[in-house]
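Please read the structure below before turning to the comments.
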Amino acid sequence: MNLSDSLNLGCMCRTLDPARLRDQLETDPRLAGLADQLDRTHPHLFSQTVVFLDPQTRDAVAHAVAAIERVMSLPAWQEASLA
């Protein structure tokens, strides 16, 4: 078992302060109600727990995100997706 697996099994880490997140999301008065909207429409957008990744998994995620960003920057993809 690697370090990230051990930490994921044994650490009951809580990292998110929901009240502080709400305050930060709504710092700008134009964003009033955003936190409630996100709670309703994207209830799993923010996690209150941490997940540890081994370097290989981290790199795989980074490569996947980079590939998605490359595709999204293509004019043909933008045209098709926004049509």
Karplus-derived HN-Hα couplings along the stretch 39-54 (A = 6.51, B = -1.76, C = 1.60, θ = phi - 60°), whole Hz, x at Gly and Pro: 4, 6, 8, 9, x, 10, 5, 10, 9, 8, 10, 9, 10, 9, 10, 7
HN-Hα J in Hz across the stretch 64-69 - Karplus 6.51, -1.76, 1.60, θ = phi - 60°, x for Gly and Pro: 5, 4, 4, 5, 4, 5
Order of THR27, THR57 - criterion: other Cβ atoms within 10 Å of each residue's Cβ, fewest first: THR27, THR57
Proxy reagent accessibility, fewest Cβ within 10 Å first, across MET12, MET72: MET12, MET72
Kirkwood-based shape ratio for the chain, expressed as Rg/Rh from alpha carbons: 1.10
Fully extended contour minus Cα-Cα distance, from ALA67 to GLN37, at 0.36 nm per residue: 7.8 nm
Average Cα contact separation per residue, the chain, under 8 Å, 6 or more apart, as relative contact order %: 36
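Rule-based calculations on the coordinates, nothing more; no lab input. As the structure is a prediction and not an experimental result, all values here were calculated from the model. Quick reminder, even Gly has a Cβ in these numbers, built from the backbone with ideal geometry, and neighbours come from all protein chains shown.
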